[in-house]
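The values are calculated or read from the model by the stated rules, or taken from the named source; none is laboratory data. As the structure is a prediction and not an experimental result, all values here were calculated from the model. Note that each Cβ is placed from the backbone with ideal geometry, even for glycine, and that neighbours are counted across all protein chains shown. The protein model used for the area step is the full one, side chains on, heavy atoms only, and it has no ligands, DNA or RNA in it. Shrake-Rupley method; radii C 1.70, N 1.55, O 1.52, S 1.80 Å.
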Amino acid sequence: MFFYYFGEYLLLLQQVFRRPEKWKIYRKEIVHEMNEIGVGSLGLIVIISSFIGAVMTMQIAFQLASDLIPTSVIGQINRDSNILELGPTISALVLMGKVGSAISSQIGSMRVTEQIDALEIMGINAAGYLILPKIVAGIIMVPVLVTIAIVCALVGGLIGGALSGAVSPNDYILGIRDSFNGFTVSVAMVKAVVFGFIITSVPAHKGFHVRGGALEVGQAGTRAVVIGCITILACDYMITALML
């Protein structure tokens, strides 16, 4: 069954990436989807990332409670952890739950109400018209959201460490600036682009091929989120193994 659904997914992508009929219409849809995916998820990403950064700072300080270890190491560990793993992966899992379920439900509802069939009868590439703008918007906006998540996590760590007394702001900032490797940001952006593609394409596939009624649409949304999260974690492991 895995190969059946994987082949179905690849065939759908083949339809999605056909040459669009009118780029003007697609550009408007891409801007709309960028607003839905990016701006609509900004608040959630900021809140979650800030608290994760604050909690990470306190946990690192608790485990490194030693006079032999400078407190600036707390900022360094928090920086690398958020850039390489927590920022991209946690943001992607959160977006899969929010954006992925919405995409699957939207396209699934159009399928069961025969709106997709109507588009195909009119000679429109329904897969490209409905899914391509979402994929392009995801590839563009998820890296932006991941960048914001990393910054918010570092700021949250600074505030959390200062309020809890785990680390002083000066030591924390010194740790963030010390021994910074720009390649870690490249790894994070590669993960973000791949995750953006997964967050939009996997739920779209589940919604596009749903059959039945409202119950099946809900089940397809649940399956899309579960499969998408597993795919994100698997790709996270592969990218880390290849690039680090």
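Charge tally for GLY128 (other residues, Cβ to Cβ under 13 Å; Lys, Arg +1; Asp, Glu -1): +1. FRET efficiency for the pair TYR4 and GLN115, taken as 1/(1 + (r/R0)^6) with r the Cβ-Cβ distance and R0 = 25 Å, rounds to 0.45.
Its DSSP H runs of at least 4 residues, each contributing -39,500 (n - 2.57), put the calculated 222 nm mean residue ellipticity of the chain at -26000 deg cm²/dmol, to the nearest 500.
For LYS22, the aspartates and glutamates whose Cα comes closer than 16 Å to its Cα, not counting residues fewer than 8 places off in the same chain, are GLU120. Could you compute the FRET efficiency for ARG211 and ILE69, with r as their C-beta to C-beta distance and R0 at 41 Å, rounded to 0.05? Once rounded, the FRET efficiency stands at 0.10.
Summarised as an ellipsoid, region 70-145 has semi-axes of 41, 12, 5 Å, derived from the eigenvalues of the Cα gyration tensor scaled by 5 and square-rooted, with the largest first.
Other residues whose C-beta falls under 15 angstrom from the C-beta of PHE6 contribute a net charge of +1, scoring Lys and Arg +1 and Asp and Glu -1. Extension gain, GLU85 to SER164, is 26.0 nm, computed as 0.36 nm per intervening residue step minus the present C-alpha separation. Only lysines eight or more places from LYS98 in sequence, or on another chain, were considered; those with a Cα closer than 23 Å are LYS28, LYS134, LYS191, LYS206. Straightening the chain between GLN219 and LEU244 buys 5.3 nm, computed as 0.36 nm per residue apart minus the Cα-Cα spacing.
Normalised by 2.2 N^0.38 Å, where N is the number of residues, the C-alpha radius of gyration of region 93-244 stands at 1.34.
Averaging the sequence gap over all C-alpha pairs within less than 8 Å and six or more residues apart, then dividing by the number of residues, gives the chain a relative contact order of 34 percent.
Span-like helix criteria (full DSSP H runs; alpha carbon extent of at least 20 Å along the helix axis; mean Kyte-Doolittle hydropathy of at least 1.0) are satisfied in the chain by 40-63, 126-164, 183-208, 214-243. Normalised per residue, the accessible area of region 1-88 is 65 Å², obtained with a 1.4 Å probe and no contribution from ligands, DNA or RNA.
What does the charge count near VAL99 come to, summing +1 for each Lys or Arg and -1 for each Asp or Glu among other residues with Cβ under 15 Å from its Cβ? The answer is +1.
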